[in-house]
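Participant: Here's a structure for you.
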Amino acid sequence: MSEREQALAAAQKAIQAGDHAAGLAHARTAIADDPSNGDAHYLAAVATRYLGDFDTARTHLRALHQSMPEYGRAWQEAGHLAKAQGRDEEALQAYVRAVRFNPALDASWRSMAELYRAAGREAEAGAADAQAQRIASLPRELVAVTHHLHEGRLLRAEEIARHFLRTNPKNIEGMRLLAQIGVKLGILDDAEFLLESAAQFEPDNVQVLLDYIDTLRRRQKFERAREEAEALHERDPDNPLFQSHLAIERMQTGDYDGAFALFDAILSKLPNDPATLTSKGHALKTTGKQDEAVASYRAATAAKPDHGDAWYALANLKTYQFSDAEIAAMREQAERSDLAFMDRVHVSFALGKALEDRKDYEASFQHYQRGNELKRAQARYSADAMTAELARQKEACTPELFTKHAGAGHPAPDPIFILGLPRAGSTLLEQILASHSQIDGTLELPNILALAHRLRGRSTGQSHYPDVLDDLSPEQLSKMGEQFIEDTRIHRQGAPFFIDKMPNNFRHIGLIHLILPNAKIIDARREPMDCCFSGFKQLFAEGQEFTYGLKEIGQYYADYIDLMDHWATVLPSKVLRVQHEDVLDDVEGETRRMLDFLGVPFEEACLEFHKTDRAVRTASSEQVRQPINRKGQGAWKPFEPWLDPLTEALGELT
């Protein structure tokens, strides 16, 4: 145990014993060793509150919110502090945030009930009491699992949950919590099985059903998710929550008319519901109705000015220009001390885009930086750990490995993998190729990433993957390839070839080759400064945590280039590199080159890609509906004074 860990343990023990002065002293020792340590600031905040030093307690809480913005206990402590000072409304809002980030904080629920009751809000007090009673009725193991789950200790949460379920195999809440852990760990097949079983045991448990629908969607089993959402909707057709979930599932299956009908039904009852207006905007954007999408997003911001999701949705159109009044409104929200975490993130990125369009580059960069700092604190991504993970691919995937497994795998030639880094032009390549009569465009499919995760094993020690590739039998490799073809069939429209555009698949080219030796792979590559800075400006939903820092994204790009060089050495001619700038210079030449590589004849429709009518769900959806242009080239240059961490990380690649 390190000195810092010893200090934290001593601080916790002293505070639990009521010796708050000693606890504070130990916490300060840990802070001196690591000024950003959230656990130390939490203990210091608790100790100083008990000691009556409220100003110092607030200082520690501010540092804690900065380093751990979604830590429920931090918001609970903020509630306790505000309550001790008689600021009841502030305390109530803090407790509301606390249980949003960790619903097992019974002290927050009890305090909420007390404050609601004092304010004469009996219905809300009763609801908070019910939640406190629900937590009190749970087995202590499941309360512990919930704490670990919502505080990021996933492996510990999984360990306790599995142990509990061995003796309580049909406990619904235990199954649901283990499924939630599985979703966070990317073990979606286990999560689906658990929730399907839980729904059979307790078919009227609405939360289980909603979690099941969400997991089916994450597994991209869109038809099954829609069937479950339809069944839930039939129970109570006028329930806006059920209508909303069904609308989303109809979107995923391409039934946009059905989705719009449900959105409109919700809005007829809740005309200013910002979440529904934003979701409807997303559907309109996906189907190419940009003007109507803009109107829906703007209605959401008018209804709820702090609804960051809608502000960012406008920015993410890439072509939208914010008015002076809208910029002022976003700035007003950004200055609020009580703005919710993700609303602050969304508004930061939206302001970055708005001010970049105004050529106020310094202010623009500050907002992009702020949004990324918030997300980086939440993600706790380690660039060095990723470097080590990619280096293991090089160590394990040797010429000897591929010689040993030559002739194995499933022979299907159907898949076309377009991979690389996000914002490198892969959506443009997909749109060009999906305009061909023999090629289906699909989605960023999670199947290869999920397979790699399963191969890692469930041990809390070192991952078995990619070393385990050496031990797989020809039968296993063939079965994995066959399973990929079967599991992805749902996304196809009947063409002989289909595209999987998941960019992170570049990490697993060795695995792809072993299970699908006849698959084609295209590396979508873009000039490093343009690619990296474009990624830094983009707020990704999930899976791209390396984009939240300039150093991190530069190091990731360098690692990507290094690994792609390795694949070119050990699997020569397996991957076609397509440089984005070459496509801009000669779209027909690069299109013919790709089609030759894929073995399909040239079709003129590929050059008219912007006229192809298909749903596009990535951040480039509006750009690929326009003819080739160079708007994104050199976009980093006005920001150059602030990009030193990126150029240093890229090194000789710049």
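Participant: Can you tell me the 0 to 90 degree angle between the C-alpha axis of helix 188-201 and the longest principal axis of the chain, rounded to 10?
Facilitator: 60 degrees
Participant: As an exercise, use a Förster radius of 45 Å and the Cβ-Cβ distance of residue 475 and residue 376 to find the FRET efficiency, rounded to the nearest 0.05.
Facilitator: With R0 = 45 Å, the Cβ-Cβ based efficiency is 0.55.
Participant: Also, quick follow-up: Please compute the modelled spin-label separation between residue 155 and residue 483, points set 7 Å along Cα→Cβ, answer in nm with one decimal.
Facilitator: 2.3 nm
Participant: At q = 0.14, 0.29 Å⁻¹, work out log10 I(q)/I(0) for region 48-97 with the Debye formula, treating every Cα as an identical point scatterer and leaving solvent out; two decimals please.
Facilitator: -0.29, -1.13
Participant: Still on this structure, I have one more. P(r) of region 170-231 in 10 Å steps, Cα pairs, percent per bin?
Facilitator: 27, 58, 15
Participant: Can I ask one more? State the Cα centre-to-centre distance between region 102-170 and region 634-654 in whole Å.
Facilitator: 46 Å
Participant: First measure r as the distance between the Cβ atoms of residue 412 and residue 238, then evaluate 1/(1 + (r/R0)^6) with R0 = 41 Å and state the FRET efficiency to the nearest 0.05. Please list the in-between numbers first.
Facilitator: Numbers: r = 46 Å, r/R0 = 1.13.
That gives a FRET efficiency of 0.30.
Participant: Report, to the nearest 10°, how far helix 3-16 tilts away from the longest principal axis of the Cα atoms in the chain, using its own Cα long axis and a range of 0 to 90°.
Facilitator: 40 degrees
Participant: Rg and Dmax of region 27-186, using alpha carbons, in Å: what are they?
Facilitator: Spelled out, the Cα radius of gyration and Dmax of region 27-186 are 17.0, 49 Å.
Participant: Rounded to the nearest 0.05, what FRET efficiency is calculated for residue 437 and residue 289 with R0 set to 25 Å and r the Cβ-Cβ distance?
Facilitator: On the way: r = 26 Å, r/R0 = 1.03.
According to the calculation, E is roughly 0.45.
Participant: Run the numbers for residue 133 and residue 253: contour at 0.36 nm per residue of separation, minus the present Cα-Cα distance, in nm. Mind dumping the intermediate values first?
Facilitator: Values: separation 120, 0.36 × 120 = 43.20 nm, distance 3.98 nm.
Computed gain between residue 133 and residue 253 is 39.2 nm.
Participant: Can you give me the % of accessible surface on the chain that is carbon or sulfur? Probe 1.4 Å, all protein chains present, nothing else counted. Numbers along the way, then the final one.
Facilitator: On the way: 13790 of 28290 Å².
After summing per-atom areas, the C and S share lands at 49 percent.
Participant: Mind jotting down the three principal axis lengths of region 1-91 based on Cα atoms? Whole angstrom, largest first.
Facilitator: 41, 27, 18
Participant: Please determine, in degrees from 0 to 90 and to the nearest 10, the orientation of helix 172-185 with respect to the longest principal axis defined by the Cα atoms of the chain, where the helix direction is its Cα long axis.
Facilitator: The two axes meet at around 50 degrees.
Participant: Starting from the Cα-Cα distance between residue 25 and residue 51, subtract it from 0.36 nm times their residue separation and give me the gain in nm to one decimal.
Facilitator: Details: separation 26, 0.36 × 26 = 9.36 nm, distance 1.23 nm.
Full extension of this stretch gives 8.1 nm more.
Participant: With a Cα-only, solvent-free Debye model of region 149-294, what are the log10 I(q)/I(0) values at q = 0.09, 0.10, 0.15 Å⁻¹?
Facilitator: Once normalised to I(0) and log-transformed, intensities are -0.33, -0.41, -0.81.
Participant: Taking the Cα centre of region 502-654 as origin and charging only Cβ (+1 Lys, Arg; -1 Asp, Glu), how large is the dipole, in debye to the nearest 20?
Facilitator: On the way: 17 positive and 25 negative charges, 86 e Å.
Once rounded to the nearest 20, the dipole reads 420 debye.
Participant: Rounded to the nearest 20 debye, what is the charge dipole size of region 178-252 about its Cα centre when +1 sits on each Lys and Arg Cβ and -1 on each Asp and Glu Cβ? Don't skip to the answer; put the middle values down first.
Facilitator: Numbers: 9 positive and 16 negative charges, 76 e Å.
The dipole of region 178-252 has a size of about 360 debye.
Participant: Within region 404-434, what residues put their amide N at less than 19 Å from the label point 7 Å along the Cα-to-Cβ vector of residue 569?
Facilitator: Counting backbone N atoms under 19 Å from the label point, the list is 404.
Participant: Largest first, please: the extent of the C-alpha atoms of the chain along each principal axis, to the nearest Å.
Facilitator: Per principal axis, max minus min of the Cα coordinates gives 75, 58, 57 Å.
Participant: Okay, moving on. What whole-number value in Å² describes the accessible area per residue of the chain for a 1.4 Å probe? Present the calculation step by step, with values, prior to reporting the outcome.
Facilitator: Numbers: 28290 Å² over 654 residues.
I get 43 Å² per residue for this part.
Participant: Using label points projected 7 Å from each Cα along Cα→Cβ, tell me how many nm separate residue 385 and residue 403, to one decimal.
Facilitator: Modelled inter-label distance: 3.6 nm.
Participant: Go through 142, 107, 41 and say which Cα lies farthest out towards the positive end of the charge dipole of region 1-157; charges sit on Cβ, +1 for Lys and Arg, -1 for Asp and Glu.
Facilitator: 142
Participant: Related question: Residue separation times 0.36 nm, minus the C-alpha to C-alpha distance between residue 231 and residue 270: what's the value? Each step should come with its number before you reach the end.
Facilitator: Details: separation 39, 0.36 × 39 = 14.04 nm, distance 2.28 nm.
Once the chain is fully extended between residue 231 and residue 270, it gains 11.8 nm.
Participant: Next up: Would you mind putting 69-80, 84-95 in packing order, based on average other-beta-carbon counts within 10 Å, highest first? Display every interim value, and only then the final one.
Facilitator: Values: 69-80: 23.7, 84-95: 17.6.
So the peptides 69-80, 84-95, ranked by packing, come out 69-80, 84-95.
Participant: Continuing with the same structure: What dipole magnitude, in Debye to the nearest 20, does the chain give about its Cα centre under +1 on Lys/Arg Cβ and -1 on Asp/Glu Cβ? Intermediate values should be presented prior to the final figure.
Facilitator: Working: 76 positive and 99 negative charges, 147 e Å.
My answer is approximately 700 debye.
Participant: Any idea what log10 I(q)/I(0) is at q = 0.18 Å⁻¹ for region 374-413, Debye with uniform C-alpha scatterers and no solvent?
Facilitator: Each listed q corresponds, in turn, to -0.68.
Participant: I want to check the label-to-label distance for residue 464 and residue 541. Put each point 7 Å from Cα in the C-beta direction and report it in nm to one decimal.
Facilitator: Simple spin-label model gives 3.1 nm for this pair.
Participant: If you filter region 364-405 for trypsin sites (Lys or Arg not before Pro), then keep DSSP loop positions with at most 16 other Cβ within 10 Å, what is left?
Facilitator: Working: sites: 370, 375, 376, 380, 392, 394, 404; in loops: 380.
Here the trypsin sites (Lys or Arg not before Pro) that fit, given the DSSP loop and packing criteria, are 380.
Participant: Choose one of 240, 259, 216: the residue whose Cα lies farthest towards the positive end of the charge dipole of region 211-261 (beta-carbon charges +1 Lys, Arg; -1 Asp, Glu; about the Cα centre).
Facilitator: Positive-end residue among those listed: 216.
Participant: Still on this structure, I have one more. Which of the residue pairs 304/637; 318/551; 221/375; 318/375; 170/280; 394/631 have a Cα-Cα distance greater than 31 Å in the structure shown?
Facilitator: On the way: 304/637 35 Å; 318/551 25 Å; 221/375 29 Å; 318/375 21 Å; 170/280 38 Å; 394/631 36 Å.
Correct reply: 304/637; 170/280; 394/631.
Participant: Tell me which of 508, 557, 546 sits at the most positive position along the dipole axis of region 497-622, charges placed on C-beta atoms (Lys, Arg +1; Asp, Glu -1).
Facilitator: Positive-most Cα among the choices belongs to 508.
The values are calculated or read from the model by the stated rules, or taken from the named source; none is laboratory data. In this text, all values refer to a predicted model and were calculated from it rather than measured experimentally. Glycine gets a Cβ as well: all are built from the backbone with ideal geometry, and neighbour counts include every protein chain shown. For the accessible areas, the whole protein counts, side chains as well, though only heavy atoms, and no ligand, DNA or RNA atoms are used. Shrake-Rupley method; radii C 1.70, N 1.55, O 1.52, S 1.80 Å.
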